[in-house]
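Here's the structure, in structure tokens; my notes come after.
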Amino acid sequence: MDPYVILTWRSNEQKSTVATGAGGEPEWNETFVFAVSGSADNSPPLSVKIMDSDAFSADDLVGEASIPLEAVLLEVGSLPPAVHRVVKDEEYRGEIKIALTFTPAEENEEEEEEEESYGGWNQST
């Protein structure tokens with residue numbers, strides 16, 4: 001298996017590198033930055049899809065995890081590496097360990113923005 005992950009939050013999507021030959025125990029240790037603006041209340045979860053890269057046909061979905069972000073955006077600022085269940089068709093497929101860090105944007109006193117800014121967050125898988 002040659003896995004990679006697709007991270008989706010709101011309309012933003014990012015893809016990890018392919019862990020060629022990593023089988024069922026890949027390790028990416030990558031950082032992804034998403035810009036966050038608007039209200040952090042009722043933020044949609046981060047969608048993490050684990051895919052298997054296939055050179056000869058369409059890539060296969062291994063499973064996916066949904067990670068709530070309210071705690072990291074509103075209260076804590078970061079979440080240590082935590083294990084999240086990976087499912088496909090409502091069946092348990094394994095786990096993925098992810099750490100999240102929210103970094104507020106620096107406020108610029110000279111420039112006023114109409115839209116409230118909440119910075120961005122980094123996510124390591």
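Enumerate the whole-percent occupancy of each 10 Å bin, from 0 to the last occupied one, for all C-alpha pair distances of the range 1-80.
16, 45, 27, 11, 1
Which cross-chain or sequence-distant (5 or more) residues have an amide H under 5 Å from the amide H of ALA35, H modelled 1.01 Å from N in plane?
Here the answer is none, since no amide H 5 or more places off falls under 5 Å of that of ALA35.
Could you state the number of Å between the C-alpha centres of the range 1-38 and the range 88-104?
11 Å
Around VAL62, which amide H atoms from residues at least 5 apart in sequence, or from another chain, sit under 5 Å from its own amide H, with H modelled in the peptide plane?
ILE50, MET51, ASP52
Amide H neighbours of ALA99 under 5 Å, at least 5 residues apart or on other chains, H built in the peptide plane: list them.
Amide H neighbours of ALA99, under 5 Å, 5+ apart: ALA82, SER124.
FYI, it's all coordinate maths here, none of it is from the lab. Everything numeric here is computed off the predicted structure, so don't read it as measured data.
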